[in-house]
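Undergrad: Handing you a structure now.
The numbers here are math on the coordinates, done by the rules we state, and not lab data. No experiment lies behind these values; they were computed from the predicted model shown. Every residue, glycine among them, receives a Cβ derived from its backbone with ideal geometry; neighbour counts consider all protein chains shown.
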Amino acid sequence: MTLRIDAAGITHRGTVREGNEDCIAFGFWSSQETMDAARRVEHDLAEPFVCVVADGMGGQAGGEHASRLVATHLSKRLTLQGPSAVTATARAVNTELYTEVREHPDRAGMGSTAVGIVADGRTVAIFNVGDSRAYRVGEKGLVQLSVDDSMSPNWKPGQGVERNNKLMQSFGGRTVFSDIQPNVHREPLEAGNTYLLCCDGLYETLLEEEMAALVGTDLQASAEALLRAALDKKARDNVTVALVRVKED
């Protein structure tokens with residue numbers, strides 16, 4: 001049995017902000033530009049598959065730079081190194097972000113959250129730092145696999161509780177160096193499994209039931225539908241969505 005990956009992703013500045021502090025990466029490709037259509041990716045797992053969604057902090061210029069550095073450095077390195085290197089790679093990228101701040105004091109305070117998925121021929125590793133999320137899409141809805149490093153972990157809209165988005169850890173974002181310990185979930189690579197990665201601009205805007213209902217057979221159309229639904233609800237933040245499915249040849 002040969003398994004491969006089908007994926008799609010899209011990023012958008014949303015309905016309020018002038019710029020996009022999010023960044024999405026598949027392997028060696030990345031984008032911060034507002035996208036009109038989702039990018040489709042097919043991957044045969046001859047080398048590891050990687051997708052990263054990063055959400056920048058620290059003002060438009062700093063946030064954009066931080067999320068781009070985090071998403072691209074994580075994605076490129078993990079494409080070469082695979083799931084076993086997640087923790088070491090994330091900590092190294094965090095160090096590099098602080099090095100950037102030392103070399104460019106005008107970027108002080110910049111930081112980013114990130115969520116990613118890395119798959120080889122046997123294993124899937126889902127990791128996150130901060131409050132960007134990963135879900136497995138199942139018949140009964142979404143199952144959150146990431147861990148929110150925030151004061152309101154596992155917060156859901158519609159519960160009547162205001163979200164406290166203060167982060168317990170992030171890539172950068174502190175005045176002095178702070179090491180990180182990424183949250184890592186590992187599971188076997190299984191045909192039919194579908195994963196949703198997103199920033200808080202999506203899950204703050206849509207209920208989990210709404211997100212699950214929009215994930216169908218066509219992942220490109222599904223990613224675009226998720227974005228459109230968030231924009232229709234006047235998402236206040238940038239919105240980035242990635243869908244990843246394991247398929248059998």
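Undergrad: How long is the gain from Thr217 to Val143 if the chain were fully straight, where each residue apart is worth 0.36 nm and the alpha carbon distance is subtracted?
TA: Details: separation 74, 0.36 × 74 = 26.64 nm, distance 1.84 nm.
Between Thr217 and Val143, full extension yields an extra 24.8 nm.
Undergrad: Return Asp218, Asp44 ranked ascending by Cβ neighbour count within 10 Å, so the fewest neighbours appear first.
TA: Details: Asp218 15, Asp44 12.
Least crowded to most crowded, the residues run Asp44, Asp218.
Undergrad: As an exercise, use a Förster radius of 22 Å and the Cβ-Cβ distance of Thr95 and Glu47 to find the FRET efficiency, rounded to the nearest 0.05.
TA: 0.30
Undergrad: Quick check: pseudo-label points 7 Å beyond the Cα along Cα→Cβ at Asp249 and Gln81, how many nm apart are they?
TA: 2.8 nm
Undergrad: Which is the longest part of the chain that has none of the GluC sites (Glu not before Pro) sitting in a DSSP loop with at most 12 other Cβ atoms within 10 Å? Kindly include the intermediate steps, with their values, before the conclusion.
TA: Numbers: sites that count: Glu18, Glu33, Glu139, Glu162, Glu190.
The longest such stretch corresponds to 34-138.
Undergrad: Would you mind ranking Thr205, Thr15 by Cβ crowding within 10 Å, fewest neighbours first? Mind showing how you got there, number by number?
TA: Values: Thr205 23, Thr15 17.
In increasing order of surrounding Cβ atoms, one gets Thr15, Thr205.
Undergrad: Net charge within 12 Å of Glu42 by Cβ-Cβ distance, Lys/Arg positive one each and Asp/Glu negative one each, not counting Glu42 itself?
TA: Values: positive: Arg4, Arg39, Arg40, Arg245, Lys247; negative: Asp6, Asp44, Asp249.
That works out to +2.
Undergrad: What is the chain's relative contact order, in percent, from Cα pairs under 8 angstrom and six or more apart in sequence?
TA: Numbers: 670 pairs, mean separation 66.4, N = 249.
Relative CO of the chain lands at 27 percent.
Undergrad: Restricting to DSSP H runs of at least four residues, report the calculated mean residue ellipticity at 222 nm for the chain, -39500 (n - 2.57) per run over all residues, nearest 500 deg cm²/dmol.
TA: Working: 5 runs with 65 residues, N = 249.
When only DSSP H runs of four or more count, the value is -8500 deg cm²/dmol.
Undergrad: Given the C-alpha atoms of the chain, compute the convex hull and give its volume per residue in Å³. Can you show the working numbers first?
TA: Details: hull volume 27.1 nm³, N = 249.
Once divided by residue count, the hull of the chain is 109 Å³.
Undergrad: FRET efficiency for Val161 and Lys234, Cβ-Cβ distance as r, R0 = 22 Å, nearest 0.05? Don't skip to the answer; put the middle values down first.
TA: On the way: r = 20 Å, r/R0 = 0.93.
That pair, Val161 with Lys234, gives E of 0.60.
Undergrad: A further question follows. What are the ³J(HN,Hα) values, in whole Hz, obtained from phi via the Karplus relation 6.51 cos²θ - 1.76 cosθ + 1.60 with θ = phi - 60°, for each residue of region 53-58 in sequence order, with x given for Gly and Pro?
TA: 10, 10, 10, x, 9, x
Undergrad: Among Ser150, Ser75, rank each residue by its count of other Cβ atoms within 10 Å, from fewest to most, as a rough exposure measure.
TA: Numbers: Ser150 20, Ser75 25.
Starting with the residue having the fewest Cβ neighbours, the order is Ser150, Ser75.
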